[in-house]
Amino acid sequence: MVYKSKFILAAICAAALIVTGCGSATETSRPSLLDQIKQRGTIRVGVSTFVPWAMRNKQGELVGFEIDVANRLASDAGLEIEFIPTAWDGIIPGLLAGKFDVIIAGMSITPTRNLSVNFTRPYSHSELLLAAGRELAGNLVSKEDYDSAEITIAVRRGSTSVQAARKNFPSAVIQQFDDDILAFQEALNGNAEAVIASSPKPEHEVLRNSDRLFIPFDEPLDRGAEAIAIRQGEADALNFFDNWIMLRTEDGWLKERRDYWFKTLDWEDDIATDQ
């Protein structure tokens, strides 16, 4: 009888394991991401260097828009911060492997990425903008002016600029180049009326070449949404980051920092030249 009772008890425990998917709480439970960060006192941030999101200054320190975002987030929460620079193609695998707690690296929300990670609400919106050459397009100031068979628009091959150009200017001649530098050179040299690229390239090139380039209309041709990425199943952490983004959006801090890095070149002289 005792043996039979032990057998029944073992069967009940085995059934419980199947239902719960775990043994004892001490064996299988782990702290949530937010608890881990609080216990550690440090938030580990995966970044990928790309001007002006994250880059090295002449002193070798990380600076940029994303660095400002991460530093302010940590400061507001009373946390230390550890940046973990990671190649772009390895940044999501690095997050999933637990090498860092979050990705703050100008990562746009996409359905494909969202299958692997959770995203916060956006803290920034990238834009596709059209910049025009003053020599050929000085009098063209509306979006409609550029939808003509007489207009040539330069874009980087394989980029979202190609689709944006075809969608917004179906009548224009679209010329594709291997990188943004070559595309902008076409407009600077007077071989194309305009060029389409992602922010902040158009704004920065106009600042550097205001005598030859201008942005004829403010309306973006497309908008992305950049957000913090975290591992799935971390509802408390997602709530924390979402609310921080809401607060810093409402008080204008995020816009102020983005405008500094994207719409000025005040920081450029302090950036290491090998980037």
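The values are calculated or read from the model by the stated rules, or taken from the named source; none is laboratory data. Note that this is a predicted model, so its numbers are computed, not measured. Note: ideal-geometry Cβ built from the backbone for every residue, glycine included; neighbour counts use all protein chains shown.
Some observations on this one:
- Meets criteria (at pLDDT 95 or above and loosely packed, with under 13 Cβ neighbours inside 10 Å) for L247: yes
- In this structure, N168 does not satisfy being more than 24 Å from F65 (Cα to Cα) and surrounded by fewer than 16 Cβ atoms within 10 Å (Cβ to Cβ).
- Of the residues contained in region 231-246, none is found to be assigned by TED's automatic domain parsing to the domain that holds E144 and free of Cβ contacts under 8 Å to residues at least 12 places away in the same chain.
- With respect to the conditions (1) surrounded by 15 or more Cβ atoms within 10 Å (Cβ to Cβ); (2) in contact with a Lys or Arg (Cβ under 9 Å, 6 or more places away or on another chain), T152 lacks only one, and its number is (2).
- Some residue of region 99-122 being among the aliphatic types (A, V, I, L, M) and outside any loop (DSSP other than H, G, I, E, B): yes
- The number of residues in region 119-146 that are of a type in the set (S, T, N, Q), touching a residue at least 12 places away in the same chain (Cβ under 8 Å) and farther than 12 Å from S108 by Cβ comes to 2.
- Any hit, region 180-201, residues being among the charged types (D, E, K, R), touching a residue at least 40 places away in the same chain (Cβ under 8 Å) and closer than 20 Å to L136 by Cβ: yes
- Of all the criteria given as (1) under 16 Å from L129 (Cα atoms); (2) more than 19 Å from the chain's Cα centre (by Cα), the one not satisfied by E250 is (1).
- Which numbered condition D89 misses (of (1) closer than 30 Å to I43 by Cβ; (2) modelled with pLDDT under 95; (3) surrounded by 16 or more Cβ atoms within 10 Å (Cβ to Cβ)): (3)
- Among the candidates A105, A149, the residue that is out of contact with any Cys (no Cβ under 8 Å at 6 or more places or on another chain) and outside the structural domain of V69 (by TED's automatic domain parsing) is uniquely A149.
- Meets criteria (buried (at least 17 other Cβ atoms within 10 Å of the Cβ) and more than 13 Å from the chain's Cα centre (by Cα)) for A74: yes
- Residue match in region 65-86 (condition: closer than 27 Å to V162 by Cα and modelled with pLDDT of 95 or more): yes
- Helices (runs of 4 or more DSSP H) contained entirely in region 189-275, each with at least 3 residues that are closer than 13 Å to S124 by Cα: 235-250, 253-263
- Matching residues in region 48-85 - criterion: being assigned to a strand (DSSP E or B) and either among the polar types (S, T, N, Q) or not assigned by TED's automatic domain parsing to the domain that holds K263 (or both): N57
- Single condition G106 does not satisfy, out of (1) touching a Phe, Trp or Tyr at 6+ places or on another chain (Cβ under 6 Å); (2) at pLDDT below 95; (3) exposed (fewer than 15 other Cβ atoms within 10 Å of the Cβ): (3)
- Candidate set from region 220-250 (those that are of a type in the set (D, E, K, R) and touching a strand residue (DSSP E or B) at 6+ places or on another chain (Cβ under 9 Å)); member that is nearest to A154 (Cα to Cα): D222
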